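In what follows, a structure is listed as structure tokens, so that the remarks can point back to it.
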Amino acid sequence: MPTFFHRIAHDVFVIALVTFVVYFFADIIKPGLVTNYINLNALLLFVIASGIATVLTNDTGSVE
Amino acid sequence: MRIRYYKIVRLFLIVIPVVVFFWLVAQDVAFSGRLFMSYDFSHDSSFIKRPWPPGRFHDIEYDKTTRDYFQRMFVEPATFAVKLPRKFKSATVEVLYKKDASQSLRIGIRMDPKQWAWEIRDLEYVGEENGWMRGRIRFDDIRRAAFNDGRLQFILNAPGLFENKRKVALTEIRVVVEKDPITLHNFLPRLWRAL
């Protein structure tokens, strides 16, 4: 049974990843639309950090 | 109880990037017809590129008492570019500066991307702001100006600056560009024209 924090971390990761992909392609289609205001590198770092947090909070695969 | 919290948190997580995306689109389209940009020398701006060429300026300095970043120009002219998401009708440029009273300071906008053609006018002094002089100039019709690679180019012109060994210190450049606002009445015709 996934913990509350794992569920949140997992959702943060998925939503951040989808957001990054959408923003990335939006900025390619209309240069500056996103990057004039948001640092996509920082968003990518956040995606990676939330991915790591998802793995660390996952206790379903642990050996008892 | 935790399931309820989880659903609320999840809703926020989904809504925030969607709202941010619509905000980004709104900034790009400029529904209000107005876009404000500024560059205060503390960090690079996405819209206003720092004055160029760098050899005509001292390094960026920081005043600890006023907490202002500023840069002193000792050779003129210098230019700065303003990146715009789309075309606008008019532009108002405001500069916060310090200079000798006898030194004139003018700002121009590039009219032809292939030639050294500028519409240059004197900066109108409009008052003081935090110990800096505030000058303003308005260009009523920038549709005729050179719009190259999504950028407008401006020139800072201070005749006799180098010859008289004077300096002009700049701490902030503000640009407001305006066009007709997008309303319910003109939205569809404008969208049709854009397509």
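Since every read-out is calculated from the coordinates, none of them should be taken as a lab result. Values in this document were obtained by computation on a predicted structure and should not be read as measured data. Here the Cβ positions follow ideal geometry from the backbone for every residue, glycine too, while neighbour counts run over all protein chains shown.
Brief remarks follow.
- Taking Cα atoms only, the orientation of helix A:4-29 departs from the longest principal axis of chain A by about 20 degrees.
- Per-residue shielding of B:15-23, expressed as the average number of other chain Cβ atoms within 10 Å of the residue Cβ, stands at 3.
- Sequence-distant contacts, meaning Cα pairs under 8 Å at least 6 residues apart, place the relative contact order of segment B:22-117 at 22 percent.
- Calculated P(r) of the protein assembly as shown - Cα pairs past 23 Å, %: 63
- Taking every C-alpha pair closer than 8 Å and separated by at least 6 residues, the mean separation divided by the residue count of chain B gives a relative contact order of 29 percent.
- Pairwise inverse Cα distances across chain A, averaged and inverted, put the Kirkwood hydrodynamic radius at 12.8 Å.
- As a length-normalised measure over Cα pairs under 8 Å and 6 or more apart, the relative contact order of chain A settles at 53 percent.
- The C-alpha atoms of chain B define a longest principal axis, and helix B:2-29 lies at about 40 degrees to it.
- B:Thr66, B:Thr79, B:Thr171 arranged by Cβ crowding within 10 Å, fewest neighbours leading: B:Thr66, B:Thr79, B:Thr171
- Cα pair distances of segment B:67-138 binned at 10 Å [whole percent]: 14, 47, 31, 7
- Estimated vicinal HN-Hα couplings, Hz - segment B:97-111 in sequence order (Karplus 6.51, -1.76, 1.60; Gly, Pro = x): 8, 9, 7, 5, 4, 7, 8, 8, 9, 10, 10, x, 10, 6, 9
- Candidates B:Val20, B:Val168, B:Val29: whichever shows maximal mean-square fluctuation once chain B is modelled as a Gaussian network with Cα springs under 10 Å: B:Val20
- Estimated from helical segments only, the mean residue ellipticity of chain A at 222 nm is -23500 deg cm²/dmol, where each DSSP H run of four or more residues counts as -39500 (n - 2.57).
- Helix A:40-56 vs. chain A, principal-axis angle (Cα, 0 to 90°, nearest 10): 10
- Based on DSSP H segments of at least four residues, each scored -39500 (n - 2.57), chain B has a per-residue ellipticity at 222 nm of -6500 deg cm²/dmol.
- Arranged from fewest to most other beta-carbon atoms within 10 Å of their beta carbon, B:Glu128, B:Glu119, B:Glu163 become B:Glu163, B:Glu128, B:Glu119.
- Order of B:Lys98, B:Lys167 - criterion: other Cβ atoms within 10 Å of each residue's Cβ, fewest first: B:Lys98, B:Lys167
- Taking chain B as a Gaussian network of alpha-carbon nodes connected by springs under 10 Å, the highest mean-square fluctuation of the residues B:Ala101, B:Ala81, B:Ala146 belongs to B:Ala101.
- Residue with peak Gaussian network fluctuation, chain B [Cα springs, cutoff 10 Å], from B:Asn130, B:Asn148, B:Asn157: B:Asn130
- Approximate shape of chain B as ellipsoid semi-axes (Cα gyration tensor, √5λ), whole Å, largest first: 37, 24, 14
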